[in-house]
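Just so you know, all these numbers are worked out from the coordinates, no wet-lab data involved. This structure is a prediction, so every number in the text was calculated from the model and none was measured. With ideal geometry, Cβ positions are generated from the backbone for all residues, glycine too; neighbour counts draw on all protein chains shown.
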């Protein structure tokens, strides 16, 4: 075998740790796991982190003979951030990917991301891609928005990310060093913890965007995705305060405030959110 072929084979053999948190989704979990096991990039471990399920999740996982599937149970339901952090702590390998329990990976996802990562510059820490978000009743959308110029989705994406979240957690492939550098998910946030995580990574590392849909995601409150709109607005206020100086420096502060107030008005809680903004922004 020629040296170039050997090196290519060695690169494709780089293992990945895939973290899949779940809570009472035994009815959907098998499809999610199946979409990972069907990937044409086969060098990985799949860490299923059970966040205290009371259904047949453990029985389902124990039925798999594939040694790449590992199971860990958190006895008390603690939320998806805790589950993902536990998964990242357990991960054996230097590259991390993520899936939710009601997501479906499309064929070629892991290979495409690893190919991009392994041929990237040293300052790249993340490879992400488009995904299809199923809202139910035949409704859905593809994210990130096609209107965003391609050059704002790759490289230094921090300013664009402050304007609007481009990166869904299950679309990320990360170098483990990113997590070592910026830390895991903030377990104090009830919503937008994945957005905060992406912001911290994008502030330190460059990103590569793959203009291909490799994931089908479904909105769900019970399965550790989705969430309460009020909690979403509270988290938005907290992140606005946390990144205040960066929002101001990139002329995105007013834009984010307008979005928060617009959503608060729809819920009829404008006064409550204005008081919260005044408090967290120390106005």
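General remarks:
- In this structure, residue 115 and residue 139 have a Cβ-Cβ separation that, at R0 = 25 Å, corresponds to a calculated FRET efficiency of about 0.15.
- Estimated from helical segments only, the mean residue ellipticity of the chain at 222 nm is -12500 deg cm²/dmol, where each DSSP H run of four or more residues counts as -39500 (n - 2.57).
- For the chain, the longest principal axis of the alpha carbon atoms and the long axis of helix 3-12 meet at an angle near 50°.
- Taking the longest Cα principal axis of the chain as reference, the axis of helix 270-280 is set at about 80 degrees.
- Proxy reagent accessibility, fewest Cβ within 10 Å first, across 31, 216, 145: 145, 31, 216
- The stretch 152-198 - Rg and Dmax from Cα coordinates, angstrom: 11.0, 30
- Once the chain from residue 204 to residue 244 is taken as fully extended at 0.36 nm per residue, the excess over their C-alpha distance is 12.7 nm.
- For residue 58 and residue 94, a Förster radius of 35 Å and the Cβ-Cβ distance give a FRET efficiency of 0.75, rounded to the nearest 0.05.
- When 119, 255 are sorted by how many other C-beta atoms sit within 10 angstrom of their C-beta, beginning with the fewest, the order is 119, 255.
- Considering only the chain, percent of DSSP beta bridges that pair antiparallel, nearest 5: 35 percent
- Separation of the residue 261 and residue 180 label points, Cα + 7 Å toward Cβ, nm: 4.5 nm
- Largest-first ellipsoid semi-axes for the stretch 229-280, taking √(5λ) over the Cα gyration tensor eigenvalues, angstrom: 19, 11, 9
- Full-stretch length increase - residue 279, residue 72 - with 0.36 nm per residue and alpha-carbon distance subtracted: 70.5 nm
- Computed on the stretch 229-280, with alpha-carbon pairs under 8 angstrom and 6+ residues apart, the relative contact order is 48 percent.
- Each of (i) 26.4, 101; (ii) 20.3, 60; (iii) 19.2, 70 is a candidate for Rg and Dmax of the Cα atoms in Å; the one calculated from this structure is (iii).
- Once the Cα atoms are used to define both axes, helix 109-118 deviates from the longest principal axis of the chain by about 90 degrees.
- What the Cβ-Cβ distance of residue 148 and residue 27 gives, at R0 = 41 Å and to the nearest 0.05, is a FRET efficiency of 0.70.
- One decimal place: the segment residue 190-residue 65 gains 41.5 nm when fully extended, by the rule 0.36 nm per residue minus the C-alpha distance.
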